[in-house]
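*Asks:* Below you will find the structure I want to go over with you.
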Amino acid sequence: MPSVCVIGVQWGDEGKGKIVDFLAEKADFVVRYQGGANAGHTVVIDGQKYVFHHVPSGILNRRTKCVIANGVVIDPATLIEEMEDLEKRGVDFRNHLYISDRAHLVMPYHKLFDRFSETAASKNGMKIGTTLRGIGPCYQDKVARRGIRVCNLYDPPVLRARLRQVLSEKNVLIRKVYGEKPLHPGKIADDYLRFGRRLRPFVVDTIRLLHDATARGRQLLFEGAQGTLLSIDFGTYPFVTSSNSDACGISQGTGLPPAKIDRIIGVAKAYLTRVGEGPFPSEIKGKLASEIREKGGEYGATTGRPRRVGWLDLVGASYAVRINGINELAVTKLDVLSGQSKVPVCVAYRYRGSLVKEFPPDAAALAKCRPVLKMMKGWSEELSECRSWRELPPAARQYLRFVEDSLQTPISVVSVSHERNRTFFAE
Ligand code: IMP
């Protein structure tokens, strides 16, 4: 397997964790390169459910090394909890997990400011509906050059001085603008130095590690978090996350040049979901939406929020295929559509009387787009026992062929249940 990247082509929650776990068997390294604890990647093995926020979904594969690279923003308390949970469940990740010394850290004030800005924005209808994990404020500090990185945990005087400097500004806002109690730099430094000691055995120069790995011909699997339509540059701005949750973020988030990425697999759910605010032209509401939400277990893996539900949107998906240079697709949760007599697919939008096939740059325009739906024949058979392409009912195969033709991209993997062994290669 050459170096492969797994990217969501929708608004996240496409089932990337499951696809990464499926492909991890052939990979030497699985690499997370952006986002942070806003992600919730779910893998189910023998009825046991694992939800990963930072740790790459390949961790359950004993042979695979897992890397949290420099582009990820790490909340160390959450990461340690995740590691302890894995230990309790008997997953041995010693010599398997590597954490970048350059990754930025999510600090307690980032979560506080995430809440402050969401509360302020909700008063004028501009809420993003973030996960409140401090992701946006952490990336803001990174760009503003006042972030704190993993390597700072191993130089206590630098960490303490940096925290004093950062909090001298932030505490003014916390007290005077938001009317809350200031934070104590010494207390935060003590907590973070403790986290640093716990993480120490795993912290390395991941740039070096990954370059050495490629030089030795090792197979890398890059695991995107969120999805292309949530990307800071290409998503439905401003209703997006704060990182490049697309293939364009790989080099920046790992230090590996683009030429090292051979294959890009786009993951699409057979329908569509979105969690948080923002435009969603093919959204459906009411009883049908609730039925699909329940059948698909469409509740946020990180926040538990009910996901909004809609039909597959080929306008957004083809835009994502182009942005990422997707070579092949993995389609997940096809089983959830069983029992629909017709399966609508959004093939274009109608905007101010015109037919639109390009994904608009402006969220306000997208919010006014109405979906043009093509009705596909449905199927009544349950799919969760299907183990190969041939076992799929003809209408389900036709649906997949239509998606392939419309996106001009072959479907290579199909998944029909949350269980690991119900994922197969397409023909
Ligand atoms: P943030 O990443 O917490 O700042 O949230 C920004 C937007 O991205 C919100 O709409 C979130 O619901 C969405 N989001 C962030 N992470 C995920 C994810 O892993 N899956 C789906 N949506 C996400």
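Just so it is clear, none of the values below were taken in a lab; they were calculated from the coordinates. Nothing here was measured: the structure is a model prediction, and the numbers come from that model. Positions of Cβ are backbone-derived with ideal geometry, glycine not excepted, and every protein chain shown enters the neighbour counts.
*Asks:* With 31 Å as the limit, write out which pairs from Lys142/Lys181; Lys123/Lys357; Lys170/Lys269 have Cα-Cα distances beyond it, or answer none.
*Replies:* Lys123/Lys357; Lys170/Lys269
*Asks:* Looking at this model, which pairs from Lys18/Lys88; Lys26/Lys49; Lys127/Lys333; Lys26/Lys285 are more than 31 angstrom apart at the alpha-carbon?
*Replies:* Lys26/Lys285
*Asks:* Treat every Asp and Glu Cβ in segment 105-198 as -1 and every Lys and Arg Cβ as +1, leave all other atoms uncharged, and give the resulting dipole magnitude about the Cα centre to the nearest 20 debye.
*Replies:* Result for segment 105-198 is approximately 100 debye, rounded to the nearest 20.
*Asks:* Let me ask something additional. Under a crude label model (7 Å from the Cα following the beta-carbon direction), how far is Glu381 from Arg94 in nanometres?
*Replies:* For the pair Glu381/Arg94, the computed spacing is 4.9 nm.
*Asks:* So, one more: Could you work out the Rg to Rh ratio of segment 105-198, with Rh taken as the Kirkwood radius (inverse of the mean 1/r over all Cα pairs)?
*Replies:* Rg/Rh for segment 105-198 comes to 0.99.
*Asks:* Say R0 is 35 Å: what FRET efficiency, to the nearest 0.05, do Ser168 and Ile207 get from their beta-carbon distance?
*Replies:* 0.60
*Asks:* With a cut-off of at most 16 other beta carbons within 10 Å, and DSSP calling the residue loop, which trypsin sites (Lys or Arg not before Pro) in segment 16-50 qualify? Please list them.
*Replies:* Qualifying residues, ordered by number: Lys26.
*Asks:* With each label point set 7 Å from Cα along the Cα-Cβ vector, what nm distance links Thr214 and Tyr351?
*Replies:* So the two model labels end up 3.6 nm from each other.
*Asks:* Same structure, new question: Could you work out [θ]222 nm for the chain from helices alone, using -39500 (n - 2.57) per DSSP H run of at least four and dividing by all its residues? Round to the nearest 500 deg cm²/dmol.
*Replies:* Computed ellipticity for the chain at 222 nm equals -10000 deg cm²/dmol.
*Asks:* Mean 1/r over all different Cα pairs, inverted: what Kirkwood radius does segment 51-101 give, in Å?
*Replies:* 11.2 Å
*Asks:* Here is a further query. At 0.36 nm per residue, and after removing the present C-alpha to C-alpha distance, how many nm does the segment from Glu25 to Lys181 gain when stretched out fully?
*Replies:* Result: 51.3 nm gained on full extension.
*Asks:* Something else about it: Taking the mean number of other Cβ atoms within 10 Å as a proxy for protection, how do you rank 188-195, 334-341 from highest to lowest?
*Replies:* Highest-to-lowest ranking by the protection proxy: 334-341, 188-195.
*Asks:* A further question on this structure: Using 0.36 nm per residue of separation minus the Cα-Cα distance, give me the extension gain between Asn124 and Gln252 in nm, one decimal.
*Replies:* This chain segment gains 42.6 nm when fully extended.
*Asks:* Express in % the proportion of alpha carbon pairs of the chain at distances exceeding 29 Å.
*Replies:* 45 percent
*Asks:* To continue, here is another question. Rg/Rh for segment 260-306: what does it come to with C-alpha atoms and Rh from Kirkwood?
*Replies:* Ratio of gyration radius to Kirkwood radius: 1.08.
*Asks:* Could you give the length gained on full extension between Asp262 and Cys151, defined as 0.36 nm per residue of separation minus the Cα-Cα distance, in nm?
*Replies:* Here the segment from Asp262 to Cys151 would lengthen by 36.9 nm.
*Asks:* Highest mean first, what order results for 294-307, 274-287 on Cβ atoms within 10 Å?
*Replies:* 274-287, 294-307
*Asks:* I need to check one value: relative contact order of the chain, counting alpha carbon pairs closer than 8 Å and at least 6 residues apart, in percent.
*Replies:* That works out to 20 percent.
*Asks:* Another question about this same structure. Taking a ≥ b ≥ c as the square roots of the eigenvalues of the Cα gyration tensor of segment 1-77, is the shape rounded (a/c under 1.5), prolate (a/b larger than b/c) or oblate?
*Replies:* It comes out rounded by the Cα gyration axes.
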